[in-house]
Structure formats: C-alpha cells, structure tokens
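Single-structure report; data block below.
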Amino acid sequence: MNRKFALCAGTTAATAFAVALAVDAGADPLPPDTTYRPLPTLPFSTVRQHDEAMKPEVMERQRALLNQRYDLSDRPIPGVMMSGGRKAVQAGVRVKLPQGATWESLAELSPQEIRERGLLPDGFKPLPHVKQTAGGQIFPQQQIDTIQQMEQRDLRRFDADFDLPAHLTPEFPPPIFLTTRPELGDVSRGQLLTIRNFYEIMNGIVTPVQMEGLRLLLTPFPQEEFNQTEDRKVAQQSLGVTCLDCHSNFHSNAAFHLTPDLRPQAVRFRLDTPSLRGVFAQQIHGSKRSLRSLEDFTEFEQRTAYFNGDHVSATRKGVHLPDRANQVAMMAQMQNIIDFPPAPKLDPGGALNPALATQQELEGEALFMGKGRCAECHLPQTAFMDQTMHDLKLERFYKTGATVNDFIAIPDGPIKTFTLRGIKDTPPYMHDGRLMTLADTVEFFNLILGLKLTQQEKDALLAYLLVL
Amino acid sequence: MNAFAFRACVAASAVALAGICAPAAAQLGNPAGWAPTTMADPPGKPAPNRTNVQDELFVQLASAGDRFEIQASELALQKSGNDGIKDFAQRMKQAHSDTSAKLASIAQAANVPVSKSTPPDDQATLERLKSLDGDGFDSAYLQAQLVAHQKAAQLLIWEAGQGQNGDLQRYAAAALVDVLAHMEAIQRLLAEHTTVGKQGLATR
C-alpha cells in the first residue's frame, strides 16, 4: 500500500504539468466554422445577385495581382509544341523581379537577407485562388464551352471566372496515350472525351471493365459549387461535375480548386489540376494526403464532393458512394492505362540516348543529376518521381501570414513530388500553378536551393526538360 | 534568445506591422454566409459597419484573448526569474494592450460589445500560473503562451476569411502578422528553456 502510494505521489508530481495542460485542452474550442463549412443563410437569388455584382471587382483584383507578378504575354518557344502538336510551349522567365534586382543579384543573397528586405519575387509565393472566400472548382472557358455544346451542362460560375490566359494552359483537348495500345499513338481523335462520345471513341480499344470505369469518370455527380441546393455557384440546378471535367482527356485543362487539406478557409492553398498521365507509376496520391492507392483516391473524392475535405457539407448535396469492388476498381483500371506522352530521346531507364540528344540536352541531363540537384527527388528511373513528399521551406525567403486577395499564405509544408515526364505539356507549374513556364521553375529552384547556375546552365536544363 | 536577437525580433516585427498597416482592399466575401439582415448597398457590398455573427464572436474571443495575455504577462513579470521571458512578457503586455485598445475602438464604431469576463479555460490557466514558481512557472507560462498564440492565429485567420466588417478584417489580417512573430519568439524561448529542438516558425 505504502509503495503504491509513493508511486502514485511520484507519478502525480511528475505529471502535474501534463495534467494541468489536459485541463486547458478540454476547454472551449474555436468557432465551429473554422473547420466546418457554414450553412447558407440567404435565398439563392439574393446570393447570386450579390455574387454577380461583385464579380467584375473579383476579376479585376485577380488580373491586377497576376499582372503585378507575371509577364503574361504570348511568347512561344519557336518550334516547340506540346505532345499533341496543337499548342506552342511558352518561352522565357515570366515571374517579375522586384525593382532593381536581377536573378544574379538575388542568387547572391541569403534566404534571411531576401526575407528581411522583402526581395522574394511575388510570383514565387503561393498563388491565390480567384475567389478565396468561396473557393471551389473554376473551369477554363474552353472546357465550359465544349461541355455546354456537347452535354448542355453549365460549368460557368456566376461569382468568378478562370484567371489565366489560354496560351499559358495545356493544349485542349489534349492527346490520349494508352499503355495498353502504344502502337496507336494519340487515340483522342482530337476530341474532348464526354459522356456523349466516349463509347464511340473508345469502343474496340479498351476492355469492358475499362469502358465502364470511363463511363463513371465522365458521369456528373454533385459538387460543392455545382449541385441542386441554394449553396451553389452555377445559375441553374446542376447535375454536378465529372472527374474528367478537370482532368480533360485524363490530362489537365488547368482548372483549379482549393486544397481539401487545410482549414480555416483563408489558408487553403490553390490546387492546379495535375495530369493523370502515368498515374500507374505513382504510389502516393494527393499533394498532401499521401493516399496509398488510386482506388482510395477515386473512391474518397466522391464522398467529399470533390476536393473539399468536407463529407458533412457534401452529404447535403448528394453523395455518390461507388462500390469498391466493382465501380471503384473499374474507374482505377481505366485511369491506370493512361500513358505518358512519347519521349523518344529517353531510353527505357529514363536516361537520354546520346545518339539522339543534342549536346545542350546532354549538358542539361548532367546538371539535372548533379549541380542542379533535380534528380534527388525526380528520379529518372522511376518516372521522375521519388514517391515521397518534401518541404522546400520557402518561408525562409518571405514573411508568412500576409493577406493577399483574401488568401493568407502560411508555410506550404511537405508536398508530393510530381512527375516531370511530359512536363512541357502541363503549364502552369508547381502544385498551385504559381509558375507559368519551365524557365520560371529553373529560376525558382536556382534561388531556393542556392544552386548558382550560370545562364548557359539554366538554358541547358530547360532544353533537357523539354525532351522529357 | 539573447537580448540582441530579441531586440532584432521586435524591430523586425515593427517593420512587418508598418508594412501591413497600409490600407488594404476590403474582402470580397462569400455572400452565401452573410446574415439575412445584412444591408448591402450597392449589391455585393455590405453597408459600412455592418457585422455578421462571425465578427461579433470574433470581437468577444479576441478581446478576451488580449485580456488573458495582459494578465498572464503581468504574472510573468512578477514571478519569472528569466530575463528572456520577462522581456517577452513586457513585449506581450504592451502589444496586447495596444491591440486591445484598437479592437475596442473598431468594435465601438461597429456597435459590437467586447468581452467583459474571463473565459473558464483562461481563468483555469491563470489560477495554475499563480500556483507555480521558478522553472515550473516558466515552463507553464511558455506553454500557455504557445497555446494562446496558436488559438489567436486561428481566430485571426478565421475572421480575415469569414468576417464581414472591413475594419475588423483588416485589423485581423494586420494582427495575424504580429501574432505569428510572437509565436516565433515563443518557439525560440521554448527551445532555449526546454533544450528540445526548435519547432514551427523558429525552424526557418
């Protein structure tokens, strides 16, 4: 008994601090809508009236921000097209420098000096969504027009429009390459896959299982902003959106959203739609969630009305719960036969074939493996990924917490390594689309990794990226 | 943190505040969450000094938070024997007295009441701090400061995004930059005091 008491007293003394903390931890939580989406409070017509009245200012504010950060002009690289041959790849560094700075002068400064003097180019900072307070999916005009024409389904929001010029987005519609039928090349026939035409285009090319998966990937289901309740941002009651409304032809049309993985709403960062090409080689899914299978990802996004991380609000709008063994598996099996675009200068191991590559491209490959440090994460032999997440700690270079267009940039934290195969086809770049060209990405990593590349080395790296 | 580093941090914070105090555009909010009684003139623009329930709750919680900070820091000034912690407590007392006055002024213009009482969780923390001395007090004070600033940052982010009154939102956005600077200072003090590794913003 005495020993028990002594033990008890000792434990009590040693854990007094922890116990006292536990009292605090059980105290008042923050307001509920710091995590949960608030319920709508006004009639739909009133919300729409206010949103439409605000829209010109919303778009003007975003236009001003983009023009302050970037040179958005149409300047293609002569002779370099995306894989379908339908759109030119854009040239040059588009991020604007702070007054008086050069890329060379910035590269000489320490992260602390850049932060204290406010010299990090704004285009390197997280890019706000066009309407942060509402968030949700924003589709480019070509997607809206094509779906309107083919399905009479309205993807246009009344509160905000797409914000980037079309020449800075992927080609549309993108080509489709299949791992199962490599001899065919692009099987898209130059069309956008929709629920109307998919059977005609894919019949005879895919299996019955893949065809059923494709049908589901093209079937609209309710989404936070596209649904039948008053809590929507589309004029008419909507059937919803489809997986391939953003992943056009299994690639990307640069539609954007907010990350599902953060709260409160003001800190949710913008998400640029990633391509599904080569998703068969990808072992973790979601920029932050690291879901371990494509099936998990495919199934789960139906549950939260696509990328809001909110199963509660989604349930109000109608959830789709696909059967795991049948529907989910079929959707995944269709996605898993989407190949990367051809890269004829790469050998089977992902290395440049010296007989086909130029001297500049070979120099770029050497830099990619060495001084440029790219291959530390983007491993050529595993489709230029490493199946993990890394924290670039960009906040070393700027003061976090500032509010820009209602978006509050906190540190990004670890983000999944994305593939670089077919990278010339997927502007804009980074998880939020903050960089417009591949030349921007070279300058970005040159600065934040302290690489001190010469202009000749930067040009060589760019030449290499264009052949991946 | 040594005295030099602390002064540098204060100076940096002052620079940040000066930068952020420039007039910012009002938030272009989501009207789906506006109170049904909101007067908008013209459509899409809530009339000046209109508030929503988030604004009103924010004023209550933020004003209570300032009061807790001032009271906890006064305790630290009396009880701590650590110069770094006392310097920090003095800085907190001053900073939160300033923000308290500013918030009260905005709240008065918007006809929103500030908090008059200490919430039970803050009261429990103050009682515990009163009961501790020496190292135990320093540890508990720093831990309580970390929690308080984590909650304050969340609250300010929430108001900046979900509120409706432009003055309150601009106040929240500006205060957030300072609160994050305070949080970094706390994380540095915690690392020194507990000898464990730096965390959060102190790692950059």
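The values are calculated or read from the model by the stated rules, or taken from the named source; none is laboratory data. Remember, it's a predicted structure, so these values are computed and weren't measured experimentally. Note: ideal-geometry Cβ built from the backbone for every residue, glycine included; neighbour counts use all protein chains shown. Heads up: the accessible areas ignore ligands, DNA and RNA and are worked out on the full protein's heavy atoms, side chains in. Shrake-Rupley method; radii C 1.70, N 1.55, O 1.52, S 1.80 Å.
Taking GluC sites (Glu not before Pro) across the stretch B:124-197, none is in a DSSP loop with at most 15 further Cβ atoms lying within 10 angstrom of its Cβ. Taking the accessible area of the stretch B:19-101, probe 1.4 Å, and keeping the other protein chains in place, the carbon and sulfur fraction comes to 55%. Spatial offset of the stretch A:141-203 relative to the stretch A:310-350 amounts to 16 Å, using the alpha carbon center of each.
Applied to the stretch A:392-398, the Karplus parametrisation 6.51 cos²θ - 1.76 cosθ + 1.60 on θ = phi - 60° returns per-residue 3J(HN,Hα) values of 6, 6, 4, 5, 4, 9, 8 Hz, with x for Gly and Pro. Other residues lying with their Cβ under 10 Å from the Cβ of A:Gly413 contribute a combined charge of -2, Lys and Arg counting +1, Asp and Glu -1. Between the stretch A:403-468 and the stretch B:75-96, the alpha-carbon centres lie 44 Å apart. Which shape class, rounded, prolate or oblate, goes with the stretch A:145-236 when its Cα gyration tensor gives a ≥ b ≥ c as root eigenvalues, a/c under 1.5 marks rounded, and past that a/b bigger than b/c marks prolate? In terms of gyration-tensor shape, oblate.
The interface between chain A and chain B buries about 3800 Å² of solvent-accessible area in total (1.4 Å probe, ligands and nucleic acids excluded).
The modelled label-to-label distance between A:Asp261 and B:Asp83, using points 7 Å beyond Cα along the C-beta direction, is 4.4 nm. Straight-line reach from B:Lys45: taking Cα to Cα under 20 Å and skipping same-chain neighbours fewer than 8 places apart, the lysines in range are A:Lys55, A:Lys131, A:Lys233. In sequence order, the stretch A:400-409 has phi-based couplings of 7, x, 6, 9, 10, 6, 6, 9, 10, 7 Hz under the Karplus curve 6.51 cos²θ - 1.76 cosθ + 1.60, θ = phi - 60°, and Gly or Pro positions carry x. Extension gain for the segment A:Phe44 to A:Leu184, taken as residue separation times 0.36 nm less the Cα-Cα distance, is 45.5 nm to one decimal. Neighbours of A:Glu395 by Cβ distance under 12 Å: Lys/Arg scored +1, Asp/Glu scored -1, total +3.
Of all lysines in the structure, the ones whose alpha carbon falls short of 21 Å from that of B:Lys93, not counting any fewer than 8 places away in one chain, are B:Lys79, B:Lys102, B:Lys116, B:Lys130, B:Lys151. At q = 0.06, 0.10 Å⁻¹, what is the base-10 log of I(q)/I(0) for the protein assembly as shown according to the Debye formula with one equal point scatterer per Cα and no solvent? Please give it to two decimals. The Debye formula, applied to the Cα set alone, gives -0.38, -1.02.
Ranking A:Asp440, B:Asp133, A:Asp412 by solvent-accessible area of protein heavy atoms (1.4 Å probe, all protein chains present), from largest to smallest, gives B:Asp133, A:Asp412, A:Asp440. Annotation: amide H of A:Gln90 within the under-5 Å range of A:Ile77, sequence separation 5 or more or interchain, hydrogens built in the peptide plane. For the stretch B:109-204, the share of accessible area belonging to carbon and sulfur comes to 52 percent (1.4 Å probe, ligands and nucleic acids excluded). Using a probe of 1.4 angstrom and keeping all protein chains present, the accessible surface of the stretch A:22-164 works out to 45 square angstrom per residue.
Given their separation in residues at 0.36 nm each and the Cα-Cα distance between them, A:Gln283 and A:Asn353 gain 22.5 nm when the chain is fully extended.
Here the contact order of chain A, divided by its residue count and restricted to Cα pairs under 8 Å and six or more residues apart, works out to 18 percent. For the stretch A:94-113 versus the stretch A:234-274, the inter-centroid distance based on Cα atoms is 33 Å. Taking label positions 7 Å along the Cα-Cβ direction at both A:Gln152 and A:Ala64, the computed distance is 4.2 nm, reported to one decimal.
Residues whose amide H falls under 5 Å from that of A:Lys125, counting only those 5 or more places apart or on a different chain, are absent, with hydrogens built in the peptide plane.
The order of A:His311, A:His378 by accessible area, most exposed first and with a 1.4 Å probe, is A:His311, A:His378. Normalising the average separation of contacting C-alpha pairs (under 8 angstrom, six or more residues apart) by the number of residues puts the relative contact order of chain B at 29 percent. The residues of the stretch A:199-237 include none that lose at least 50 Å² of accessible area in the complex, against the isolated chain and with a 1.4 Å probe. Ligands, DNA and RNA left out, the accessible area of chain A computed with a 1.4 Å probe is 57% carbon and sulfur.
In this simple spin-label approximation, A:Asp71 and A:Arg324 carry label points 7 Å from Cα along the Cα→Cβ vector, and these lie 5.3 nm apart. Three principal axis extents describe the C-alpha atoms of the stretch A:302-405; from largest down they are 59, 45, 23 Å.
Listed by chain and number, the lysines whose alpha-carbon sits under 20 Å from that of A:Lys416, ignoring those within fewer than 8 places in the same chain, are A:Lys125, A:Lys288, A:Lys393, A:Lys424. Database remark: amide H of A:Leu379 closer than 5 angstrom to the amide H of A:Phe384, A:Met385, A:Asp386 (H placed geometrically; neighbours at sequence offset of 5 or more, or on other chains; Pro and chain starts carry no H). Relative contact order of the stretch A:68-185: 27 percent, from C-alpha pairs under 8 Å at least 6 residues apart in sequence. Go through the stretch B:40-58 and flag every residue whose accessible area shrinks by 40 Å² or more with all protein chains in place compared to the isolated chain (probe 1.4 Å). By number: B:Pro43, B:Gly44.
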